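Okay, structure first, notes after.
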Amino acid sequence: MADNARAKRLADLIREVVAQKLQRGIKDPRLGSHVTITDTRVTGDLREATVFYTVYGDDEERAAASAGLESAKGILRSEVGKAAGVKFTPTLTFVMDALPDTARNIEDLLDKARQSDEKVREVSAGAAYAGEADPYRKPGESDDEAADADETDDTAK
């Protein structure tokens, strides 16, 4: 079992090598400049690596990029093996990163919350308090004085 620092270093190296190879070395038109490698994770035994990626575009471009990455998996793995210099080059698995979709969902929820807050502000703009302006007793005020004050307030209204 390898230590976590070694797995982290290997994951960082895989991310860099795959990103550089996608940018400069692979001529597949499905893997244009719209594919971004976001993260890489390596198992503790350094046998398997999961490469997370995003594709900026519609569903067709995402499907094409996924197919392009699967077809280039062998070339990318051999490049990782050359750069890493380890006994066993990890197998690469490409997974679409859900981060942009999650961020978009959070932004939509925040927009709904802002709209709801604005509606509450509009409704409460002319509202008055249900009780007195200062419902708390002051120090030194007895219960009898507070009751007298309440009665005078009720008769004044």
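The values are calculated or read from the model by the stated rules, or taken from the named source; none is laboratory data. Being a predicted model, the structure only gives us computed values, none of them experimental. All Cβ positions, glycine included, derive from the backbone under ideal geometry; neighbour counts span all protein chains shown. Quick note on the areas: whole protein, heavy atoms, side chains included, nothing else; ligands and nucleic acids left out. Shrake-Rupley method; radii C 1.70, N 1.55, O 1.52, S 1.80 Å.
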_It is to be established whether one or more residues within the range 119-127 are open to solvent by 100 Å² or more (accessible area, probe 1.4 Å) and at pLDDT below 80._
no
Of LYS87, LYS73, LYS21, the only residue that is more than 25 Å from THR102 (Cα to Cα) and open to solvent by 70 Å² or more (accessible area, probe 1.4 Å) is LYS87
Scanning the range 31-53 residue by residue, the ones that are open to solvent by 30 Å² or more (accessible area, probe 1.4 Å), out of contact with any Phe, Trp or Tyr (no Cβ under 7 Å at 6 or more places or on another chain) and part of a strand (DSSP E or B) total 4
Inside the range 92-118, the number of residues satisfying the requirement of being surrounded by 13 or more Cβ atoms within 10 Å (Cβ to Cβ) and not hydrophobic (A, V, I, L, M, F, W, C) is 3
